[in-house]
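Here is the structure we will look at.
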Amino acid sequence: MGGATLASNEIIAGVRVFAHHSDPAVSPFNSWILSKSLEMVSIPMELYCQSVLEIANHLNTHSEALSLRYLHLASHLHYQLALKQMRLVGGGIVSLNWH
């Protein structure tokens, strides 16, 4: 990872002091812990997306639902595109107009 600080010499001097005292490099152990936690995020996210799909399917058949939009419902305008582009089911955003 990299970055740049564009500022006056006074602000840059303060950034240098902060960087010197805070050690901006991540230790190998902390890097490993971070990578393990990122691996585990995918499991609950897949379950979450599957649950949202089930809820969207249920609400889509409800008689009082005026309209429902969810990318992974076959009735959605961009359903085929979503199947090609999204690895997970369809995210967690459902748009619903209730009667």
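When you scan region 34-93, how many residues do you find that are in a helix (DSSP H, G or I) and touching a strand residue (DSSP E or B) at 6+ places or on another chain (Cβ under 9 Å)?
Start the filter on region 34-93 by keeping residues that are in a helix (DSSP H, G or I), which leaves 34-60, 79-85.
Add one more test, that the residue is touching a strand residue (DSSP E or B) at 6+ places or on another chain (Cβ under 9 Å), and what stays is 56, 59-60.
So the answer is 3.
Which residues, counting only those in region 45-78, are under 24 Å from the mean Cα position of the chain (by Cα) and of a type in the set (V, I, T)?
V52, I55
Identify all residues within region 2-52 that are touching a Ser or Thr at 6+ places or on another chain (Cβ under 7 Å) and either at pLDDT below 75 or exposed (fewer than 11 other Cβ atoms within 10 Å of the Cβ) (or both); write none if there are none.
None; the set is empty.
The values are calculated or read from the model by the stated rules, or taken from the named source; none is laboratory data. Just so we're clear, the structure is a prediction, and the values are computed from it rather than from any experiment. Cβ atoms come from the backbone with ideal geometry, glycine included; neighbour counts cover every protein chain shown.
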